[in-house]
Amino acid sequence: MKSKSLRGVKVRADVELWLKILVWLFAIACVILFVGVPSGEKPLFGAVSALVIGLLMWLTYGVWYELRDDHLFIVTGPTKKKIMYADIKAVRLINGHLFTRNRIEVRKRNKGYFMGTTYIFPEERELFYRELKKLCPNLEHKKGRRYFTPADDIYDDDDRADKEKPAPAALEAPKSEPAAPAPTPGGAAGDGAPPEAPASPPAASDERGESGGN
């Protein structure tokens, strides 16, 4: 059986029920207020109310996404946006909490967080996420707070810790023995023999005796 594909298909945004209820309650409130507005102010009030209600309806029901040949096409009411697949560095699923929705985060290369991050809310989120990742050739992996490509020279924390460990003591180079002192005159160094006494000068008495005899 052939798997379902979302390429070239307009996928509507997954708008939550409470948001739709709020929009419709606002529209009903505007109609009720319009009845009680003085007749002289009704044209202005009606025009402003219709403009606001129409914009809210457009932003609620006029949001859709499409995976085209070389880019992701996003339509949000009156605005349109195109993100090239080659410019996308990260795509990840984000689970919603109490006041947030399940969404897909799309981050662009060479852009900051605010200027390079787009959140989309497709109805078939997991399938759309898998299809989008297949189309992005330059995805990067996240390490801590930064992204890197598989070609980057980066190690895991365990590998880096192993590389920073000191070498074992058994592998250290043996320490060299201190050099023996140089031999001193009168004997070899370290043999314990005292140095020879210097020769005494000839006695002067012999010389004086010979001179007296003459």
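The values are calculated or read from the model by the stated rules, or taken from the named source; none is laboratory data. Only a predicted model underlies this, so the values are computations on that prediction, with no experimental measurement involved. Ideal geometry is used to build each Cβ from the backbone, glycine not excepted, and the neighbour counts take in all protein chains shown.
General observations
- Subset of the stretch 109-142 (residues that are more than 23 Å from Lys80 (Cβ to Cβ) and polar (S, T, N, Q)): Asn138
- Taken over the stretch 9-61, the criterion of being touching a residue at least 24 places away in the same chain (Cβ under 8 Å), part of a loop (DSSP other than H, G, I, E, B) and of a type in the set (Val, Ile, Thr) is satisfied by Val9, Val15.
- The one condition from (1) at pLDDT 90 or above; (2) assigned to a helix (DSSP H, G or I) that Trp64 does not meet is (2).
- Scanning the stretch 63-73 for residues that are more than 11 Å from Val11 (Cα to Cα) and surrounded by fewer than 17 Cβ atoms within 10 Å (Cβ to Cβ) yields Arg68, Asp69, Asp70.
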